[in-house]
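Quick note: the coordinates plus some simple rules give every number you see, no bench work behind them. All values derive from a computational prediction rather than experimental measurement.
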Amino acid sequence: MKKIKVSMLALAAVAFGAFAFKGVDGGSIAGKVTPAEGATEAWAIQGTDTLTSPVTDGGFNFANAKAGAYTVIIGAKAPFKPATVTDVKVEEGKSTDLGEIKLAK
């Protein structure tokens, strides 16, 4: 009986260890849009993959973006025009900050 308890404890420890060190699932892209009230939604496009993010108080964030290069598009309300940022690089486990993106009229 004692051997079974020790075996079960060892098995539980191995299972916990396997899940505790889960790999990194990509990076992220963040930025701020001005004027905040002019922005609607943000999209990050890489090939056929498209991520979306609401623009809240001017800020947006794409979590779990796969490593690679993206095109980020900020949707805009009239009289502002959408903004596009190309060649946005994302690396595993890192955050890419686009800083301030200004919408033009």
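Miscellaneous remarks
- Derived scalar couplings ³J(HN,Hα) [the stretch 39-48; Karplus, 6.51 cos²θ - 1.76 cosθ + 1.60; whole Hz; x for Gly, Pro]: 8, 10, 8, 10, 10, 10, 10, 9, x, 9
- Within the stretch 24-93, the percentage of alpha carbon pairs spaced more than 13 angstrom apart rounds to 60%.
- Backbone geometry of the stretch 56-68 corresponds, through the Karplus equation with coefficients 6.51, -1.76 and 1.60 at θ = phi - 60°, to 3J(HN,Hα) couplings of 10, 6, x, x, 9, 8, 10, 8, 6, 7, 5, 4, x Hz, x marking Gly and Pro.
- Taking amide H atoms as placed 1.01 Å from N in the peptide plane, the amide H of residue 40 lies under 5 Å from those of 75, 76, 77, each 5 or more residues away in sequence or on another chain.
- Interchain or long-range residues, amide H under 5 Å from residue 31's placed H: 60, 98
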